[in-house]
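Engineer: Got a structure here, written out as structure tokens. Questions coming.
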Ligand code: ATP
């Protein structure tokens, strides 16, 4: 049976010479959490940009093969249509709107959906999922801690009711306690039935959350397996010692 998301022979280019992702084939099963791990430059960010259609803003192009979501081709669609089809992308660095309040940031996340009347219900759901944001709903987003900003970025993406939530390095720049809180939230989102694709350099976090791990190296899948198989494979040692 096919996965919710299927990538076949995906190659991504920036200009003519840079190929950060090469002939990549992978599948994300509905209800699972797939972690993409690999050092800086392995191609994780580029791959998520290709899937959300935002690659074009970075002068990148996707070629060969194709990407399907629930059986439908999505790799030629624009980013807003990809959101409507059910993929939400929390980019690296969070990119929340610092001049807006928490609540306003969350509401922006629902703009791609047609149904305006749904928004208040969705907002309430999000504030239940993130009690810390409920307390600060009228606070300016710039005043949140790093961990809270990451939660807000995740909450905003969930406001589009995605089937697949893609997270790019949610642990980046956070203290260990904040990383563990963000990990708890991602685990809860997965338990509620949203499929998760997580790009992470923090191997401990990736192993904790993933049902399937893919190790990327220079844009290719170097290893794939269950988190529990990582120790025996030697792949963790290579990740720490191997550079890109
Ligand atoms: P990171 O953790 O740093 O995000 P990554 O695994 O996500 O690492 P990418 O950001 O996808 O890796 O980068 C893969 C390669 O593509 C790198 O060599 C990077 O320099 C290059 N690259 C990224 N963005 C562009 C761009 N807009 N134009 C040209 N090259 C780029």
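The values are calculated or read from the model by the stated rules, or taken from the named source; none is laboratory data. All figures in this text were calculated on a predicted structure; none of them were measured in a lab. Positions of Cβ are generated from backbone atoms using ideal geometry, with glycine treated the same way; all protein chains shown enter the neighbour counts.
Engineer: Of the numbered conditions (1) part of a helix (DSSP H, G or I); (2) buried (at least 21 other Cβ atoms within 10 Å of the Cβ); (3) touching a residue at least 60 places away in the same chain (Cβ under 8 Å), residue 152 satisfies every one except a single condition; which is it?
Structural biologist: Status for residue 152: all satisfied but (3).
Engineer: Hey, another quick one. Quick one: in the range 61-74, of everything that is touching a residue at least 60 places away in the same chain (Cβ under 8 Å) and under 18 Å from the mean Cα position of the chain (by Cα), which residue is farthest from the ligand (Cβ to nearest atom)?
Structural biologist: Checking each candidate, the answer is 70.
Engineer: Kindly evaluate residue 231 against the criterion of being modelled with pLDDT under 90 and loosely packed, with under 14 Cβ neighbours inside 10 Å.
Structural biologist: yes
Okay, residues lined up against (1) free of Cβ contacts under 8 Å to residues at least 24 places away in the same chain; (2) under 22 Å from residue 27 (Cβ atoms):
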site: 144; (1), (2): no, no
site: 170; (1), (2): no, no
site: 178; (1), (2): no, no
site: 181; (1), (2): no, no
site: 184; (1), (2): yes, no
site: 195; (1), (2): no, yes
site: 211; (1), (2): no, yes
site: 215; (1), (2): no, yes
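Engineer: Which condition from (1) on the phi > 0 side of the Ramachandran plot; (2) within 16 Å of the ligand (Cβ to nearest atom); (3) surrounded by fewer than 17 Cβ atoms within 10 Å (Cβ to Cβ) is the one that residue 38 breaks?
Structural biologist: Failing condition for residue 38: (3).
Engineer: Could you pull out the residue among 5, 69 that is touching a helix residue (DSSP H, G or I) at 6+ places or on another chain (Cβ under 8 Å), at pLDDT 90 or above and more than 20 Å from residue 169 (Cβ to Cβ)?
Structural biologist: That would be 69, the only listed residue that is touching a helix residue (DSSP H, G or I) at 6+ places or on another chain (Cβ under 8 Å), at pLDDT 90 or above and more than 20 Å from residue 169 (Cβ to Cβ).
Engineer: Condition check: within 16 Å of the ligand (Cβ to nearest atom), buried (at least 21 other Cβ atoms within 10 Å of the Cβ) and touching a residue at least 12 places away in the same chain (Cβ under 8 Å). Does residue 33 satisfy that?
Structural biologist: no
Engineer: Look through the range 1-21, keep the residues that are surrounded by fewer than 20 Cβ atoms within 10 Å (Cβ to Cβ), in contact (Cβ under 8 Å) with a residue 12 or more places away in the chain and within 11 Å of the ligand (Cβ to nearest atom), and return whichever of them is farthest from the chain's Cα centre (by Cα).
Structural biologist: 15
Engineer: When the range 7-51 is examined, which residues are found to be in a strand (DSSP E or B) and under 18 Å from residue 210 (Cβ atoms)?
Structural biologist: 7, 24, 26, 27, 28, 33, 34, 35, 36, 37
Engineer: OK, next. Going by the structure shown, is residue 77 within 11 Å of the ligand (Cβ to nearest atom) and touching a residue at least 12 places away in the same chain (Cβ under 8 Å)?
Structural biologist: For residue 77, the condition - within 11 Å of the ligand (Cβ to nearest atom) and touching a residue at least 12 places away in the same chain (Cβ under 8 Å) - is not met.
Engineer: Pick out the one residue from 214, 174, 209 that is in contact with a strand residue (DSSP E or B) (Cβ under 9 Å, 6 or more places away or on another chain) and more than 16 Å from residue 235 (Cβ to Cβ).
Structural biologist: On inspection, the qualifying residue turns out to be 209.
Engineer: Does residue 45 satisfy the condition of being without any contact (Cβ under 8 Å) to a residue 60 or more places away in the chain and within 15 Å of the ligand (Cβ to nearest atom)?
Structural biologist: no
Engineer: So in the range 48-60, with the set limited to residues that are modelled with pLDDT under 90 and near the ligand (Cβ under 8 Å from one of its atoms), which one is nearest to residue 218 (Cα to Cα)?
Structural biologist: Of everything passing the filter in the range 48-60, 60 is nearest to residue 218 (Cα to Cα).
Engineer: Then there is this: So which residues in the range 88-120 are at pLDDT 90 or above, part of a helix (DSSP H, G or I) and buried (at least 16 other Cβ atoms within 10 Å of the Cβ), if there are any at all?
Structural biologist: 102, 103, 105, 106, 107
Listed here are the residues, each with its yes/no results for (1) loosely packed, with under 14 Cβ neighbours inside 10 Å; (2) assigned to a strand (DSSP E or B).
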residue	(1), (2)
165	no, yes
170	no, no
178	no, no
186	no, no
196	no, yes
207	no, no
237	yes, no
